[in-house]
Protein chains: 2
Amino acid sequence: MERDFRQLADLYKTALLDNVLPFWEQYSIDTECGGYFTCLDRTGKVYDTDKFIWLQNRQVWTFSMLCNRLEKRSSWLDIAEHGAKFLANHGRDPEGNWYFSLNRSGQPLIQPYNIFSDCFAAMAFSQFALASGQDWAREVALQAYQNVLRRQTNPKGSYNKAYPGTRSLKGLSVPMILANLTLEMEWLLPKTTLDQVLEATVQEVMTDFLDENLLYENVAPDGSHIDCFEGRVINPGHGIEAMWFMMDIAHRSNNLNLINQCIDVVIRTLNFAWDQKYGGIYYFLDVKGHPPQQLEWDQKLWWVHVETLVALVMGYRLTGRSDCWKWYQKVHDYSWSHFADAEYGEWFGYLDRRGEVLLNLKGGKWKGCFHIPRSMYLCWQEFEALDQAEKFS
Amino acid sequence: MERDFRQLADLYKTALLDNVLPFWEQYSIDTECGGYFTCLDRTGKVYDTDKFIWLQNRQVWTFSMLCNRLEKRSSWLDIAEHGAKFLANHGRDPEGNWYFSLNRSGQPLIQPYNIFSDCFAAMAFSQFALASGQDWAREVALQAYQNVLRRQTNPKGSYNKAYPGTRSLKGLSVPMILANLTLEMEWLLPKTTLDQVLEATVQEVMTDFLDENLLYENVAPDGSHIDCFEGRVINPGHGIEAMWFMMDIAHRSNNLNLINQCIDVVIRTLNFAWDQKYGGIYYFLDVKGHPPQQLEWDQKLWWVHVETLVALVMGYRLTGRSDCWKWYQKVHDYSWSHFADAEYGEWFGYLDRRGEVLLNLKGGKWKGCFHIPRSMYLCWQEFEALDQAEKFS
């Protein structure tokens, strides 16, 4: 692979604008009932019509974000509004908590059993409010954000199956996503809230969850390790995604120490989780090398790989570190040759350990219009910046 | 493979007595805290000490059952009692519901969030009460059985995440396991309860869950199909296991029609779920051929294969059908060549689609001392019966 930033910027730009977005524009809009179809087979055909709140909100986010950061295209704003209205009408229970899923017409199927639906609602409606200038959307965003803050210490509420007191664990997901979400909502939040949440979440991620440059998925409340399945599990994609969230925050204050620490974690995670035999990044690993609980541990997932591309190119742009560039090329070659579907567009989501397609789909219950377009957009912008920097150096 | 029933009986007998049971006898007993270790690596080394109630109860069942049906060996009764005492002391909440898991010393970790812990407790303590003659064990068994009956229409209780009313589904697991459990507890139950539960569960399984000789994992309360992930999923191992439970019941009343119907379902399921390319039985399939929700769908699991061996040899012994024997040989060859560990004993649990070992373990959170010894025992007995029948024919 050549180190041609212009060409790489164009690769991601073309993929985003001519391949990925058209796929979702063409196949995902439910013009009859509102919202989006996300269960799309390889060719874009709808194979299931349930509406999963994470993915509905994430598609609103994607099209709104592009309006805000790239171009105020009215067709994109229409798509975002199409989803936002469906969600505002059907997505919440009477207390304002976001359901997990709805049926096609918007009736609730699965209760609000954790806070991630609320996280993605806050992200979506924040971007949509900014793009549309509509006050009601702003209110929806702020309300969802308050849900997340309120429920962060017990994210599963009454659906928490852990017996109280025997073994307390906290998850990386909560501070990690709260950090990213808070940065996303900067324009809506008082500066004191912003600074306070960012400082606390960065501190928690980089102290409690980090040990010898690996991020643990679950630790005791004081950050110590517990020798059990949950306490031993490493989720490499999660850890790496968290690191670019942290770099994003560190960059605001030009905290180069923190940026370098994040890169160290990314590199260490890749050394730990790269499949030496077949290539690609494992989905789950046990830190002690024991059999993990997750049967899907050796599979290669789209989001793990594209979030890694974002982290590596961001790290490289911010520091010029050669280890970032070396790994970027390796992950780039694997990802583009295995996930991108040259025939029908968009990217496959799930490969087996050997890199063969495991599920012949472009979207489902967990894969929608989010990680692929977001990473295409971010990598494009990073390579534009690198190209510009090279031109003027 | 030769059709030598004597040799096959000996194969299973030797595997059970000289290979499988010694593995658990040697490595699984927690002499310090009580109960059993089930997280054993390939060689038998303990890699996690949590106590999962399903597996604790199932090991009590296995050793008690062998005392009852094979030989009153005092070392087996000691092992059963060792687990039964630990479970009786630590396994239940103040309302008598069975937890899902405990830590090594017996403190509760995961709440009683479904009824399967209670099912396996009823099975375990029924066999143990019969083996030991102890009245307290009998009481524990009956109390657990009452829990199952009481909670069968809402098995997850307050942990049920489904929004009431939008989409009602019922699962095959409940009537299937209740049928098997009730037959297990015949000696403890009034005949009216026995007849009533057996009739209702057989009826429900063979009517509501069956369609064109395939068993659906979830259907609407009236048995109709719902076109959603849960409504489309086929769990071939579950369906086949349910069929030998039904054959067991049908055989009591010499209901040859029902036995033949069960075999038809087993054969149809194998034709549907056999991996034509790499061999073995898939773990999950979507009945319409859509991508299933379960990422582990193409994996080959120990219990699926050994339950199939039991169903096929039982069907063959009861009917002499050649399709049973044809399939028995195919599944036998695959199972014995892929799952049995010639080096360290016992069987691997989890293989990838190609039949390579996916998790290098003999036990974990879901695999314990149950399906392998039960199937070894049952296949041995079936082949003994076939051998006897041949001798005297």
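What the table shows:
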{"item": "Qualifying residue in region A:162-171 (condition: away from every other protein chain (no Cβ under 14 Å), open to solvent by less than 40 Å² (accessible area, probe 1.4 Å) and not aromatic (Phe, Trp, Tyr))", "result": "yes"}
{"item": "Candidate set from region B:349-373 (those that are open to solvent by 10 Å² or more (accessible area, probe 1.4 Å) and farther than 22 Å from A:ARG354 by Cα); member that is nearest to the other protein chains (Cβ to nearest Cβ)", "result": "B:LYS365"}
{"item": "In region A:3-20, residue most open to solvent (accessible area, probe 1.4 Å) [restricted to those that are among the acidic types (Asp, Glu) and part of a helix (DSSP H, G or I)]", "result": "A:ASP18"}
{"item": "All positions within region B:49-61 that are crowded, with 24+ Cβ neighbours inside 10 Å and within 14 Å of chain A (Cβ to nearest Cβ)", "result": "B:LYS51, B:PHE52, B:ILE53, B:LEU55"}
{"item": "Residue that is nearest to the chain's Cα centre (by Cα) [pool: residues in region A:181-197 that are part of a helix (DSSP H, G or I) and buried (at least 20 other Cβ atoms within 10 Å of the Cβ)]", "result": "A:LEU181"}
{"item": "Qualifying position, being over 22 Å from B:SER158 (Cα atoms), within 14 Å of chain B (Cβ to nearest Cβ) and open to solvent by less than 40 Å² (accessible area, probe 1.4 Å), among A:ALA220, A:ALA137", "result": "A:ALA220"}
{"item": "In region A:21-44, the residues that are part of a helix (DSSP H, G or I) and buried (at least 20 other Cβ atoms within 10 Å of the Cβ)", "result": "A:LEU21, A:PHE23, A:TRP24, A:TYR27"}
{"item": "Residue match in region A:306-321 (condition: part of a loop (DSSP other than H, G, I, E, B), free of Cβ contacts under 8 Å to residues at least 40 places away in the same chain and under 30 Å from A:GLY364 (Cα atoms))", "result": "no"}
{"item": "Search result, residues across region A:64-102 that are buried (at least 18 other Cβ atoms within 10 Å of the Cβ) and either under 18 Å from A:TYR159 (Cβ atoms) or within 14 Å of chain B (Cβ to nearest Cβ) (or both)", "result": "A:HIS90, A:GLY91, A:ARG92, A:ASN97, A:TRP98, A:TYR99, A:PHE100, A:SER101, A:LEU102"}
{"item": "Hey, A:ILE110 free of Cβ contacts under 8 Å to residues at least 24 places away in the same chain and farther than 20 Å from A:CYS369 by Cβ or not", "result": "yes"}
{"item": "Total residues in region A:140-161, condition more than 14 Å from chain B (Cβ to nearest Cβ) and exposed (fewer than 15 other Cβ atoms within 10 Å of the Cβ)", "result": "4"}
{"item": "Close pairs (6 angstrom Cβ cut-off, 6 or more residues apart or separate chains): on the phi > 0 side of the Ramachandran plot in region A:327-347, modelled with pLDDT of 95 or more and open to solvent by 10 Å² or more (accessible area, probe 1.4 Å) anywhere", "result": "A:GLY345/A:ASN19"}
{"item": "Check on A:ALA131, touching a residue at least 24 places away in the same chain (Cβ under 8 Å), touching a Leu at 6+ places or on another chain (Cβ under 7 Å) and open to solvent by less than 10 Å² (accessible area, probe 1.4 Å)", "result": "yes"}
{"item": "Selected residue (only one of B:PRO291, B:PRO236 is free of Cβ contacts under 8 Å to residues at least 24 places away in the same chain, crowded, with 21+ Cβ neighbours inside 10 Å and either away from chain A (no Cβ under 14 Å) or more than 19 Å from the chain's Cα centre (by Cα) (or both))", "result": "B:PRO291"}
{"item": "From A:GLU346, A:GLU307, A:GLU296, residue being away from chain B (no Cβ under 13 Å), among the acidic types (Asp, Glu) and more than 16 Å from A:GLU241 (Cβ to Cβ)", "result": "A:GLU346"}
{"item": "Evaluation of B:TRP302 against (1) farther than 25 Å from B:GLY231 by Cβ; (2) within 14 Å of chain A (Cβ to nearest Cβ); (3) more than 16 Å from the chain's Cα centre (by Cα); (4) surrounded by 22 or more Cβ atoms within 10 Å (Cβ to Cβ) (one fails), failing number", "result": "(3)"}
{"item": "Search result, residues across region B:110-128 that are crowded, with 22+ Cβ neighbours inside 10 Å, in contact with a strand residue (DSSP E or B) (Cβ under 7 Å, 6 or more places away or on another chain) and not in a loop (DSSP other than H, G, I, E, B)", "result": "B:SER117, B:ASP118, B:ALA121"}
{"item": "Filtered residue count, region B:263-286, keeping only those that are over 23 Å from B:MET247 (Cβ atoms) and open to solvent by 40 Å² or more (accessible area, probe 1.4 Å)", "result": "3"}
{"item": "Residue in region B:244-261 that is farther than 22 Å from B:THR153 by Cα and touching a Cys at 6+ places or on another chain (Cβ under 6 Å) present", "result": "yes"}
{"item": "Any chance B:HIS332 is more than 16 Å from the chain's Cα centre (by Cα), more than 20 Å from A:PRO291 (Cα to Cα) and open to solvent by less than 20 Å² (accessible area, probe 1.4 Å)", "result": "yes"}
{"item": "Matching residues in region A:272-307 - criterion: being more than 25 Å from B:GLN293 (Cβ to Cβ) and not hydrophobic (A, V, I, L, M, F, W, C)", "result": "A:GLN276, A:LYS277, A:GLY279, A:LYS288, A:GLY289, A:HIS290"}
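The values are calculated or read from the model by the stated rules, or taken from the named source; none is laboratory data. All values reported here derive from a predicted model rather than from experimental measurement. Don't worry about glycine lacking a Cβ; one is built from the backbone with ideal geometry, like all the others, and counts go over all protein chains shown. SASA here: full protein model, heavy atoms, side chains in, ligands and nucleic acids out. Shrake-Rupley method; radii C 1.70, N 1.55, O 1.52, S 1.80 Å.
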